[in-house]
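First the structure, in the form of structure tokens, and then the observations on it.
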Amino acid sequence: MKRDFISIADWQTEDLERIFALTAELKEKQKRGETRPYLGGKTLGMIFEKSSTRTRVSFEVGMVQLGGYPLFLDTRSTQLGRGEPIEDTARVLSRYVDGIMIRTFAHDNITEMARWASVPVINGLSDLLHPCQVMADLFTVLEHKKSIRDLTYCWIGDGNNMANSWLNAAAAFGFELRLATPRGYEPDAAILEKARTRGARVLLTNDPLAAARGAHVLNTDVWASMGQEEEQQKRQKDFAGFQINQETLQVADAECLVLHCLPAHRGEEISAEVLEGPHSVVFDEAENRLHVQKGILVTLLASG
């Protein structure tokens, strides 16, 4: 039976931990120059409705390193861009490729793709969730802190797809999560309620410094994501003060880590001094997109 990777909430904690263990093994082997064609002869169809740097490069390179073949499919140059139904594309691609990764706007596009595809579907990003990024974030924390439990995580900024995926992660691993957003920019209410039902310890606040006090991990994202460019001026006003900077570090744990999924707008959601400073593990985090996604790809495709 095929498995998809659409949301962290769809997976049991022990299965997520197995992905992290596999990620560590694959990363160590790559560093030693060892190669093994885990996905020899496998093909990944990669559908992009949104532009991308890290998602595209990390999935493409990951497939090549695993001995497989990545196929880039831009919706503007495929029949999806001309209105072909997702259910038709999903069924056709399933006869050509061994897995599908999709990076899109509407989350329904991903769930519909998974519903109709007979091969595994991976959520490369939607407006609702960004699970691969948060898995990379958690793996980065694991590398630096040796554990992802018994830590306090702080999110400062928009209650966006990243914040929603952090809620799912808090439910899966049981850590404390504090979300500081401006009024009206809270995370998805249904995801929040489900996370709390599963035992997530979540604090919602409009005070960034209160959220950051004593936190072991600080995290943020741009104020206006792709598709929200017309809201940029309003968001700059609404998000004033929701920045990770030296003042934030002063109230956080002395050994805190700073995360950012990139691209970053220095001087808006994060100061340049912090992004380039000793607490920042942003570029380790970016690299780990490659390694975690390799772990996900092997988990989903190697046995198929």
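Filter the range 271-295 down to residues that are assigned to a helix (DSSP H, G or I), over 15 Å from the mean Cα position of the chain (by Cα) and without any contact (Cβ under 8 Å) to a residue 24 or more places away in the chain and give me whichever is nearest to HIS216 (Cα to Cα). Break it down stepwise before answering.
The first filter runs over the range 271-295 and keeps only residues assigned to a helix (DSSP H, G or I), leaving 272-275, 282-295.
Pick out the ones that are also over 15 Å from the mean Cα position of the chain (by Cα) and you get 272-275.
So of that shortlist, the ones also without any contact (Cβ under 8 Å) to a residue 24 or more places away in the chain come out as 272, 275.
Numbers: ALA272: 20, LEU275: 16 Å.
Once the filter is applied, the top-ranked residue is LEU275.
Mind checking which residues of the range 201-215 are surrounded by fewer than 22 Cβ atoms within 10 Å (Cβ to Cβ) and either of a type outside the set (Lys, Arg) or in a helix (DSSP H, G or I) (or both)?
As a first pass, look at the range 201-215 and keep what is surrounded by fewer than 22 Cβ atoms within 10 Å (Cβ to Cβ): 201-207, 209-210, 213-214.
Result: VAL202, LEU203, LEU204, THR205, ASN206, ASP207, LEU209, ALA210, GLY214.
I'm told ALA240 meets every condition in (1) surrounded by fewer than 14 Cβ atoms within 10 Å (Cβ to Cβ); (2) in contact with a strand residue (DSSP E or B) (Cβ under 8 Å, 6 or more places away or on another chain) except one. Can you identify the failing condition by its number?
Every listed condition holds for ALA240 apart from (2).
Answer yes or no: is there a residue in the range 69-84 that is under 18 Å from MET135 (Cβ atoms), acidic (Asp, Glu) and out of contact with any Cys (no Cβ under 7 Å at 6 or more places or on another chain). Give the derivation first.
So in the range 69-84, the residues under 18 Å from MET135 (Cβ atoms) come out as none.
Within the range 69-84, none of the residues are under 18 Å from MET135 (Cβ atoms), acidic (Asp, Glu) and out of contact with any Cys (no Cβ under 7 Å at 6 or more places or on another chain).
Out of everything in the range 259-270 that is touching a residue at least 60 places away in the same chain (Cβ under 8 Å) and in contact with a strand residue (DSSP E or B) (Cβ under 7 Å, 6 or more places away or on another chain), what residue ends up being nearest to ALA240 (Cα to Cα)?
Taking the range 259-270 and keeping what is touching a residue at least 60 places away in the same chain (Cβ under 8 Å), we get 259, 261-263, 269.
The next check asks that each one be in contact with a strand residue (DSSP E or B) (Cβ under 7 Å, 6 or more places away or on another chain); those that pass are 259, 269.
Working: LEU259: 19, GLU269: 9 Å.
By that ranking, first place goes to GLU269.
Can you say whether GLY157 is over 17 Å from MET46 (Cβ atoms) and in contact (Cβ under 8 Å) with a residue 60 or more places away in the chain, as far as the supplied structure shows?
Details: over 17 Å from MET46 (Cβ atoms): yes; in contact (Cβ under 8 Å) with a residue 60 or more places away in the chain: yes.
So GLY157 passes the test.
Values in this text are rule-based calculations from the coordinates and carry no lab data. No experiment lies behind these values; they were computed from the predicted model shown. In this analysis, Cβ positions are derived from the backbone assuming ideal geometry, glycine residues included, and neighbour counts consider all displayed protein chains.
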